[in-house]
Amino acid sequence: MNINPVFIGIALIIIGFLIIFASAFSGGRVKFAVGGFIGPVPFGWANDPQMLKLVMWITIAVAFIFIILLLRGIL
């Protein structure tokens, strides 16, 4: 079975939005963070400093995993 990675990415984004909207309407304080890459440079923004630190560590960890997979010839 061949699963399209683009479909998985879009599905995860939609699920994330649904979780944020559900928690916002429940009356709770919503904390969020977004991170990614522009070329080789990681970026992120958040409404909570702790969330920003978390997303930056996750982004850097994903970058290292990606580099290791590239060097081993898996990707």
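What residues from the range 36-58 fall in the zone where the backbone N is under 12 Å from a label point 7 Å along the Cα-to-C-beta line of ILE67? Those under the cut-off are 40-42. Seen against the Cα atoms of the chain and their longest principal axis, helix 5-25 is set at about 20 degrees. Quick check on the chain: helices-only [θ] at 222 nm, where DSSP H runs of length 4 and up contribute -39,500 (n - 2.57) each and the sum goes over total residues. Nearest 500, please. Dividing the helical sum by the residues of the chain leaves -20500 deg cm²/dmol.
Since every read-out is calculated from the coordinates, none of them should be taken as a lab result. Bear in mind the structure is a predicted one, so any value in this text is a computation, not a measurement. No Cβ is skipped: glycine too gets one built from the backbone with ideal geometry, and neighbour counts run over all protein chains shown.
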